[in-house]
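Presented below is the structure to which this report refers.
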Amino acid sequence: MRLTLTRTPSLTLFPSRSSRSEIKSKSKNSLGRKSAFTLIELMVVVGIMGIILMISIPGIYRHMHPNPLQKGVDDIREACKAARELAVLRGTTTALAIDLNSKTFSVQGSSAPGPESGASPEGSAGIARVADLSSSAKSFQLSDRVLIEGLGINGLDWTEDEHADVQFYPKGTSDEFSIVLRYVDTAELRNIWLDAITGYPEFEVDPNKFRHR
């Protein structure tokens, strides 16, 4: 009886060198495809950036071209706050001087007390703060397109006067003060007034709720 021997192919447990090279090449190609951006993804990103830019344009324009009426309201409130804070820190009466002809507002009596005066209850820190306020004190002027429609202090009408002073006191109180501004272009009105007890400025846009001069 004749036996026929057949050769069984050997099992390969590890890939050959050529197989390893092919596997590495495929893996690199797949990684390269995954790390790249598609055209659609780039278009989506550009579209989102465009939407954000369109939303921010009005805010940038308002910052570069502020409304004269709103700027006037902000300036008067800032001047009142500076005068009140200076009066409290210095321990003396401070005046907000108003020139109705030039429509300027400035803090008067802003000299810092000496170290020996003891006017500041906060010691050297309070004196330094007063010095900062004194050096940063400046005048504010309304735009030519903003008019002073009315001005009242302590129940008296100062609209026709050339100069008026609003007093701020060391305990944080102030005179009764109310001013009405009118924007020439749109005839809008704004009322800024002081709470005499706290000395803090407030404003109102509804003419029916304006404070009496």
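In a residue-by-residue description of segment 167-175, the property of being part of a strand (DSSP E or B), aromatic (Phe, Trp, Tyr) and in contact with a Ser or Thr (Cβ under 6 Å, 6 or more places away or on another chain) applies to at least one position.
Quick check on segment 125-147. Is at least one of its residues in contact with an Asp or Glu (Cβ under 8 Å, 6 or more places away or on another chain), modelled with pLDDT of 90 or more and over 20 Å from Tyr183 (Cα atoms)? The answer is no; no qualifying residue exists. The residue that is surrounded by the most Cβ atoms within 10 Å (Cβ to Cβ), among those in segment 86-103 that are under 18 Å from Leu194 (Cα atoms) and hydroxyl-bearing (Ser, Thr, Tyr), is Thr94.
Here is the figure for segment 56-70: residues that are over 24 Å from Ile148 (Cα atoms) and polar (S, T, N, Q) total 1. Just give me the residues in segment 187-213 being free of Cβ contacts under 8 Å to residues at least 40 places away in the same chain and among the β-branched types (Val, Ile, Thr), in sequence order. Ile197, Thr198, Val205, listed by residue number. On the stretch given as segment 157-194, residues that are surrounded by fewer than 21 Cβ atoms within 10 Å (Cβ to Cβ), more than 17 Å from Arg77 (Cα to Cα) and among the hydrophobic types (A, V, I, L, M, F, W, C) total 2.
The residue that is farthest from Arg90 (Cα to Cα), counting only those in segment 195-204 that are surrounded by fewer than 19 Cβ atoms within 10 Å (Cβ to Cβ) and of a type outside the set (Val, Ile, Thr), is Glu204.
Per this entry, Ile57 is counted among residues that are surrounded by fewer than 17 Cβ atoms within 10 Å (Cβ to Cβ), in a helix (DSSP H, G or I) and hydrophobic (A, V, I, L, M, F, W, C).
The values are calculated or read from the model by the stated rules, or taken from the named source; none is laboratory data. Small disclaimer: the values here were computed from a predicted structure and weren't measured. Virtual Cβ from ideal backbone geometry, glycine too; neighbours counted across all protein chains shown.
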